[in-house]
1. Counting only the heavy atoms of the protein chains, how much of Leu193 is accessible to a 1.4 Å probe, in Å² to the nearest 10?
2. For the stretch 105-184, what does the accessible surface come to per residue with a 1.4 Å probe? Please give it in Å².
3. How many percent of Cα pairs in the stretch 161-208 exceed 13 Å?
4. Taking a 1.4 Å probe, which of Trp58, Trp73 shows the most accessible area, and what order do the others take after it?
5. With a 1.4 Å probe and all protein chains in place, put Glu54, Glu200 in order of accessible area, largest first.
Amino acid sequence: MRRLIRSHRTMAKAGLVLAAFMAIAGGVAYAANSKALIGPHGNINSCVSPNGGEVNVWKPGHHCSGGRVNLSWPAHSTAGRTGPVGPAGPVGTTGPTGATGPSNPAAITVDGETVTKLQLKEATPGSGSTSQTLYSADGLTVTALCSSAGTASLQANGPASADSELTVSGLEGTSTTFASQTATLGSSSNATLGAAGSGESTFSYDDTAGQAISGQIGYQSAPSLGSFAGCAFFGVATSG
């Protein structure tokens, strides 16, 4: 019987504490309007018996006595509110260097110079002409063209500064030779690297930045390379 009474008393005390807390929570809006009751950390402080019972709200700085314990809660509800943005965090460390990409399978290095193998086939177009980049490095671009008549030709373009030099010599067909030189190779100059048709061209290129390229390119009009109906281009270019 005594245990039952004690159990009822304990439950009653717990109920009093809960009721007191809810009553105080319901009065937060009232207490929050009184700045004198709000501590420096934005809390309202009170003292309550560890066994429950009466709750006393005190001004900041009051210390509970007589075995009573401190009970505090925020003066303002934070529900539905977004707090201030915190300071930016420290800059992260630099990530590791990525893996080196694959090298040009057509280029090799010999005695500090890069030797690039040139090989290209262009099918004869139905009309007009087609063009593809055969070589591009250090400001020099060599373009291979194939016309609807199956005629092969080569053109060279340089940097936008138009201050590069290009010297060309070669063989057209089986007996005719040709040569040319320009000191104003620009980005749209379309300098001829050989007479249209079939032949072989040798060229040397140099710009004011000290970039030098030399090369030898054979070109053949359609039909070429056996059963392939188109223009063919093949050779090497050395830079460095």
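1. Probe radius 1.4 Å; accessible area of Leu193 about 0 Å².
2. With all protein chains present, the stretch 105-184 gives 54 Å² per residue.
3. 54 percent
4. Ranking Trp58, Trp73 by accessible area, largest first, yields Trp58, Trp73.
5. Glu54, Glu200
The values are calculated or read from the model by the stated rules, or taken from the named source; none is laboratory data. None of these values were measured; they are calculated from a predicted model. Areas reflect the complete protein model, heavy atoms only, side chains present, ligands, DNA and RNA absent. Shrake-Rupley method; radii C 1.70, N 1.55, O 1.52, S 1.80 Å.
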